[in-house]
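Peer 1: Supplied in structure tokens, the structure appears directly below.
The values are calculated or read from the model by the stated rules, or taken from the named source; none is laboratory data. Just so it is clear, the model here is predicted, and its values are computed rather than measured. Cβ sites come from the backbone with ideal geometry, for glycine too, and all protein chains shown count toward neighbours. For accessibility, only protein heavy atoms count, side chains too; no ligands or nucleic acids. Shrake-Rupley method; radii C 1.70, N 1.55, O 1.52, S 1.80 Å.
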Amino acid sequence: MMKLNRLIWLIAVIAIVACTPKQKETPAEPTTLSGLKRSNFQSTVNGDSTDLYVLKNANGMEVTITNYGGRIVSVIVPDKNGTLQDVVLGFDSIQGYTSVSNNLGATIGRYGNRIANGKIKVAGVEYQLPQNNYGHTLHGGPEGFDTKVFKAVQPDSLTVVLTYLSKDGEANFPGNLNVKVTMSLTNDNAIDIQYEADTDKETVVNLTNHSYFNLSGNPNNTILDHLLTINADEYTPVDDTFMTTGKIDKVKSTPMDFTVPTPIGQRIDDTTFVQLKNGKGYDHNWVLNTKGDVSQVAATVVSPVTGIQLDVYTSEPGLQIYAGNFLDGTMTGKKGIPYKLRSAICLESQKYPDSPNKPNWPQPYLKPGEKYTSRCIYKFSVN
């Protein structure tokens, strides 16, 4: 009898266990090819929600974008051996971007680059803008578009559309400016950025992207060995506050000549050339020969280590080349890597710096009823 009772008890236990629903294991969060987790970008900044958007093309190239600052966070492309490399600087989370002042990968506005003494005159009215760089206004001031949360829509796997309303008086710029930035990943491995804007009051606008590229795929390396070619015979010199002087000089027979492929580091420290002393290296605007023809290559950068090549195309007349002269290792980015001096290069399509105060240069004014458009393409290949 005792054996029978024990058997009945065991059968009951087995039945109870079998009928008890099993707890589902929480699946591991998928990561991007660059190892980024979407959850690390899902946060709230100034009451607005942030997120991470992933674009992938038929070749396996991947680009991630966050709507905080309209930033490119990672760009994954194959090198000459087929190994995937992340070729832009950035952070692993939204907190990385908000905890330290930076413009890594950001959409820059309302006016990219510098405005002298923060002063502009629009429709006969003078406006004083925030001064955040040697007495000048840089990249729209300390609270430019890089600090704003854009509304984002991802209509397909290759596109994200970012919109932002810059209200009249924001950073003391006039006019309600409606901004639309469409970032598309093409199947020939290009990031095609198209900017649009309109306003209800005359204003100035000059939008660009501030991605920091290191084509070696390892920011522990500098970009001094990268070969740079710029389709430009002229550039705009700067004074010792990085402000354009109003002159346009020839690059020929100077360290500013990149009309043929030249290592970035070959002449960068030649401070006997006053422009390299003033800019602490390369931090200058080149006057492009392309004259707004987006079908012509404006600049090319190649890493001899990975063979990764970046070609830049733009509808803008100028291109700012910045060789990471102020990176100093105090920012720690993706994978815990500190971003040191000259560990990246920026190629920013633009109107020339301080164009509102230099009437002979391409002008950035936008009136009601007009539409601002600008385009920049970053195309990747293997050399």
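Peer 1: Could you compute how much accessible surface S34 exposes when probed at 1.4 Å, giving the result in Å² to the nearest 10?
Peer 2: 20 Å²
Peer 1: Here is a further query. Counting only protein heavy atoms and using a 1.4 Å probe, what share of the accessible area of the chain belongs to carbon plus sulfur, as a whole percent?
Peer 2: Details: 8710 of 16770 Å².
Carbon plus sulfur share of accessible area: 52 percent.
Peer 1: What is the sum of charges, Lys and Arg at +1 and Asp and Glu at -1, for the other residues whose Cβ falls under 10 Å from the Cβ of G144?
Peer 2: -1
Peer 1: Oh, and also: For region 35-159, treating each Cα as an identical point scatterer without solvent, what Debye log10 I(q)/I(0) comes out at q = 0.17 1/Å?
Peer 2: -0.90
Peer 1: At 0.36 nm per residue, minus the direct Cα-Cα distance, what do I337 and V294 gain on full extension? Give it in nm, one decimal, please. Don't skip to the answer; put the middle values down first.
Peer 2: Values: separation 43, 0.36 × 43 = 15.48 nm, distance 3.48 nm.
My answer for the length gained is 12.0 nm.
Peer 1: In addition: What is the sum of charges around G90, taking Lys and Arg as +1, Asp and Glu as -1, for the other residues whose C-beta is under 10 Å from the C-beta of G90?
Peer 2: Numbers: positive: R71, K334; negative: D86, D92.
Around G90, the surrounding residues sum to 0.
Peer 1: With only Lys, Arg, Asp and Glu charged, each at its Cβ (+1 for the first two, -1 for the last two), find how big the charge dipole of the chain is about the Cα centre; round to the nearest 20 debye. Before the final figure, lay out the partial values.
Peer 2: Working: 35 positive and 37 negative charges, 213 e Å.
The dipole of the chain has a size of about 1020 debye.
Peer 1: Also: Compute the normalised compactness of region 329-383: alpha-carbon radius of gyration over 2.2 N^0.38 Å, N being the residue count.
Peer 2: Working: Rg = 17.9 Å, N = 55, 2.2 N^0.38 = 10.1 Å.
So the Cα radius of gyration is 1.78 times the expected 2.2 N^0.38 Å.
Peer 1: If you don't mind, another one. Provide Rg over Rh for region 71-125; use the alpha carbon set for both Rg and the Kirkwood Rh (inverse mean inverse pair distance). Let's see the in-between values first.
Peer 2: Numbers: Rg = 17.6 Å, Rh = 14.5 Å.
Rounded to two decimals, Rg/Rh equals 1.21.
Peer 1: Helix 2-19 versus the longest principal axis of the chain: what angle, 0 to 90°, nearest 10, using Cα atoms?
Peer 2: Taking the Cα atoms of the chain, the angle to 2-19 is about 20 degrees.
Peer 1: I've got another one for you. What pairs from K37/K367; K151/K201; K121/K291; K277/K335; K277/K367 go past 31 Å between their alpha carbons?
Peer 2: Working: K37/K367 42 Å; K151/K201 23 Å; K121/K291 26 Å; K277/K335 33 Å; K277/K367 39 Å.
Violating the 31 Å limit, Cα to Cα: K37/K367; K277/K335; K277/K367.
Peer 1: Right, another one. Using DSSP to call loops (not H, G, I, E or B), can you name the chymotrypsin sites (Phe, Trp or Tyr not before Pro) in region 88-119 whose Cβ has at most 15 other Cβ atoms within 10 angstrom? Write out the running numbers ahead of the final one.
Peer 2: Details: sites: F91, Y97, Y111; in loops: F91.
Counting only loop positions with at most 15 other Cβ atoms within 10 Å, none of the chymotrypsin sites (Phe, Trp or Tyr not before Pro) in region 88-119 qualifies.
Peer 1: If you build the Cα gyration tensor of region 29-75 and take the root of 5 times each eigenvalue, what three semi-axes come out, in whole angstrom, biggest first? Write out the running numbers ahead of the final one.
Peer 2: Details: eigenvalues 88, 27, 10 Å².
Output for region 29-75: semi-axes of 21, 12, 7 Å.
Peer 1: Going 7 Å from the Cα of A123 along its beta-carbon direction, which residues of region 156-178 have the amide nitrogen within less than 14 Å of the resulting point?
Peer 2: Answer for region 156-178: 168-169, 173-177.
Peer 1: Okay, moving on. Mind telling me which of K351, K340, K247 comes out most flexible in a GNM of the chain, alpha-carbon contacts under 10 Å?
Peer 2: K247
Peer 1: May I pose another question? Once the Cα gyration tensor of the chain is diagonalised, what are the square roots of 5 times its eigenvalues, in whole Å and ordered largest first, as equivalent ellipsoid semi-axes? Don't skip to the answer; put the middle values down first.
Peer 2: On the way: eigenvalues 417, 132, 66 Å².
Working from the Cα gyration tensor, I get semi-axes of 46, 26, 18 Å.
Peer 1: By the scheme Lys and Arg +1, Asp and Glu -1, what is the net charge of all other residues having a beta-carbon under 10 Å from that of G324? Let's see the in-between values first.
Peer 2: Values: positive: K340, R342; negative: D283, D328.
Within the 10 Å Cβ shell, the charges total 0.
Peer 1: Using all C-alpha to C-alpha distances in region 237-383, build P(r) with 5 Å bins and read off the rounded percent in each one.
Peer 2: 2, 8, 15, 20, 20, 16, 10, 5, 2, 0
Peer 1: Right, something else. Mind checking the per residue accessible area of the chain for me, 1.4 Å probe, whole number of Å²? Don't skip to the end; give the middle numbers.
Peer 2: Numbers: 16770 Å² over 383 residues.
Accessible area per residue: 44 Å².
Peer 1: Taking 7 Å along the Cα-to-C-beta vector as the label spot, tell me the S99-E234 distance in nanometres, rounded to one decimal.
Peer 2: Roughly 4.7 nm, to one decimal.
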